[in-house]
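Heads up, the thing below is written out as structure tokens.
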Amino acid sequence: MTASPFEVRVYYEDTDLAGVVYHANHLKYMERARTEALRSVGVDQGVLKAETGIVFLVTRVAIHYLRPAFFDDLLAVDTAVTRLGSASLTLGQSIRRGVEAVATAEVRVAIVGSDGRAARAPGRLREALSRL
């Protein structure tokens, strides 16, 4: 399953001198989309941390830039869990302009406790993540 696309408008501040979205901003768009995807399945990260001490930690990102995005483009970021482990998950994310792919990424995320060590996802969290 995939969360509803997260839409983002490209602002002038997102671009470089050539008017192209600066490469690091793709990661910001994807981060926002992951947060909203979690929210869409009932996971409030602030509440999760307060109640369980669990947080998500990105451990690896492999991104492929396919086409440039420009000022005022309306982009959609798709997010889907491609692998769900006991203390980690892998997400596939893509940024597109309409049907045209702009960038794709594989994002590996660790589930960690307040001590910074790997933590097993509680049943409710696993259930929610499986809906992505």
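Every number in this text was worked out from the coordinates using simple rules, so none of it is lab data. Every value quoted in this text rests on a predicted model; they were computed, and no experiment measured them. Cβ sites come from the backbone with ideal geometry, for glycine too, and all protein chains shown count toward neighbours.
Of the listed requirements (1) touching a residue at least 60 places away in the same chain (Cβ under 8 Å); (2) of a type in the set (Ser, Thr, Tyr); (3) surrounded by fewer than 19 Cβ atoms within 10 Å (Cβ to Cβ), Tyr29 misses just one: (3). Residues that are touching a strand residue (DSSP E or B) at 6+ places or on another chain (Cβ under 8 Å), over 23 Å from Ser4 (Cα atoms) and of a type outside the set (Phe, Trp, Tyr) do not occur anywhere in the range 71-81. Residues in the range 50-76 that are within 30 Å of Ala118 (Cα to Cα) and surrounded by 14 or more Cβ atoms within 10 Å (Cβ to Cβ): Thr52, Ile54, Val55, Phe56, Val58, Val61, Ile63.
For the range 43-83, which positions are assigned to a strand (DSSP E or B), among the β-branched types (Val, Ile, Thr) and out of contact with any Pro (no Cβ under 8 Å at 6 or more places or on another chain)? Even if it seems obvious, please write down each step before you answer.
Within the range 43-83, the subset assigned to a strand (DSSP E or B) is 55-65, 70, 74-83.
This time we only want the ones that are among the β-branched types (Val, Ile, Thr), so: 55, 58-59, 61, 63, 77, 79, 81-82.
Val55, Val58, Thr59, Val61, Ile63, Thr79, Val81, Thr82 - these are the residues of the range 43-83 that are assigned to a strand (DSSP E or B), among the β-branched types (Val, Ile, Thr) and out of contact with any Pro (no Cβ under 8 Å at 6 or more places or on another chain).
Within the range 5-28, can one find any residue that is touching a Pro at 6+ places or on another chain (Cβ under 6 Å) and on the phi < 0 side of the Ramachandran plot?
Taking every residue of the range 5-28 in turn, at least one turns out to be touching a Pro at 6+ places or on another chain (Cβ under 6 Å) and on the phi < 0 side of the Ramachandran plot.
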